[in-house]
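Computed from the coordinates by the stated procedures, all read-outs in this text should not be read as laboratory data. Please read these numbers as outputs of a predicted model, since none were measured by experiment. Here the Cβ positions follow ideal geometry from the backbone for every residue, glycine too, while neighbour counts run over all protein chains shown.
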Amino acid sequence: MRDDELERLFRTYHAPLVRYLTRRLGDRDWAEEVAQETFLRALRQDALQSERSWLFAVATNLVRDEARRSERRRHHLVLLAAQEAEASVEPEQLAMERAEDAALARKAVDTLAERDRLALLMREEGLNYEEIAAALGLSPGSIGTTLARARRRLAEAYESLQAGETGRAAGGGDHV
């Protein structure tokens, strides 16, 4: 790939790819690294037929290849969040509620099957059905159904987690 083609590709797709990867990984720095590696791989390609779906597929595969590293980073982020929560003397109620909602939403997304999670994240980044299908190796006709089911499962998971949090708060936790 020529430098000017790579530059155009980077200008066009870098931001959406990093947003997708940040949502997927929960870590913007790591998302930037994966995006960089994705563009390096694009540089080695002669020509890309479906640029966006190729980039998202390569990025998804890079993330999949580094699953253990992702788990370590997530664990680290959870520890940092816990330390920050302990360090704050009187956090604002609204900020706490937003953080709790975001954590529940992330947990709900994490409960989804990988295909559902990736399809939703790619759609959120604006990929069309054909691009999602190409990136995930599915038929374009199945993407609408996949997304509808994934949205329903996400809503159910979120509501279930919310009910669990409410139950724990009302019950005061487990007593031994």
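Structure data summary
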quantity: Distance in nm between pseudo-label sites at residue 64 and residue 106 (7 Å out along the Cβ direction from Cα); calculated: 2.4 nm
quantity: Sequence of 20, 129 once ranked by neighbouring C-beta atoms within 10 Å, starting from the fewest; calculated: 129, 20
quantity: Choice from 78, 18, 63 with maximal GNM fluctuation in the chain (Cα, 10 Å cutoff); calculated: 78
quantity: Residue 32 paired with residue 84, simple spin-label distance in nm, labels 7 Å along Cα-to-beta-carbon; calculated: 1.7 nm
quantity: Selection from 56, 14, 30, by position along the positive dipole direction of region 1-87 (Cβ); calculated: 56
